[in-house]
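Every number here is computed from the coordinates shown, using simple stated rules; none is lab data. Just so it is clear, the structure is predicted and the values come from calculations on it, not from any experiment. Here Cβ is always computed from backbone atoms with ideal geometry, including for glycine, and neighbour counts include all displayed protein chains.
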Ligand SMILES: CC(C)(COP(=O)(O)OP(=O)(O)OC[C@H]1O[C@@H](n2cnc3c(N)ncnc32)[C@H](O)[C@@H]1OP(=O)(O)O)[C@@H](O)C(=O)NCCC(=O)NCCS
């Protein structure tokens, strides 16, 4: 029988030595696709830990970012403990803290069925899926005419990129300026689209062992429908084709007709993989 929980409390930086092993050896672990390192989240709340005496039994972190949405960033349970019990109690504490802070929306992107079974019991409802597409850059597209100049981003572009990103996305998909800055710092190929000196769109791509992944694409609403998104993606595909890097992957929401049409038109194909998004209002 699993040892009983003795306390649930917010994490502090001093807990890193206990949290780090759980990130590697948990009986069950959920991590969100993220630009910040796990240790950085320890400074943000709610990041709750469940203890059985001096043993860390589980963790659950859902610090709001942007300020109105709490995405589940981490959920982990140590081997030998009951996932539904430990995570259920941790979620109840997180929810209390989120409500006290005035956060009204929570979202989770699940990568396996473990959480999918628990989330309806926590009041979450399945919403859209995130679909995975892939492109063989050896078949890179030809150039399209657009009004925009595409160039590599510079650190001083960060505020303008964050403003375009915020305007282009709706909640819960918006990134805070801090998240955009982290993404720009970590992505290996970041380009902006500029019209008359003003940044109107951007894309962020990261390289990995098995190709590259375009993690973000946005065009300011005023400039959408003018082939700027297409130009950004084609420019990025040509860059990776020239570097001999293939394939390039991308994720998008199943209800995002514009991006799905754009990716398909440029030769991306669905891989059949997908992730479920769950959301709930906190009342
Ligand atoms: C998706 C997005 C980047 C597209 O950029 P855009 O500059 O508006 O798109 P383009 O003008 O380059 O369109 C290229 C093609 O995409 C498709 N497309 C674009 N917008 C569309 C829409 N609203 N509905 C259907 N198809 C659309 C069309 O096939 C279009 O080609 P066509 O004009 O020759 O028919 C932009 O709509 C956006 O920023 N959306 C919000 C953020 C987002 O969803 N990002 C992608 C997340 S993965």
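Observations on the model:
- Prolate/oblate/rounded label for region 131-276 (Cα gyration tensor, a/c 1.5): rounded
- Put the Cα centre of region 193-265 next to the Cα centre of region 50-119 and the gap is 32 Å.
- Spatial extent of region 73-195: Rg and Dmax, with the Cα atoms as the point set, Å: 19.9, 59
- Residue 156 paired with residue 170, simple spin-label distance in nm, labels 7 Å along Cα-to-beta-carbon: 3.7
- Beta bridge orientation in the chain: antiparallel %, DSSP, nearest 5: 90
- Equivalent ellipsoid semi-axes, the chain, via Cα gyration tensor eigenvalues times 5, rooted, Å: 37, 19, 17
- Mean Cα-pair separation over length for the chain, i.e. relative contact order, pairs under 8 Å, 6 or more apart, %: 22
- Computed over region 7-123: relative contact order in percent, which uses C-alpha pairs under 8 Å that are six or more apart: 26
- Beta bridge orientation in region 131-276: antiparallel %, DSSP, nearest 5: 90
- Going from the residue with the fewest nearby Cβ atoms within 10 Å to the one with the most, 93, 146 rank 93, 146.
- Cα gyration tensor category, rounded, prolate or oblate, for region 114-173 with a/c compared to 1.5: oblate
- Three semi-axes describe the equivalent ellipsoid of region 16-96; taken as square roots of 5 times the Cα gyration tensor eigenvalues and ordered largest first, they are 20, 14, 11 Å.
- Whole-number percent relative contact order across region 131-276, with pairs defined as alpha carbons under 8 Å at least 6 apart: 37
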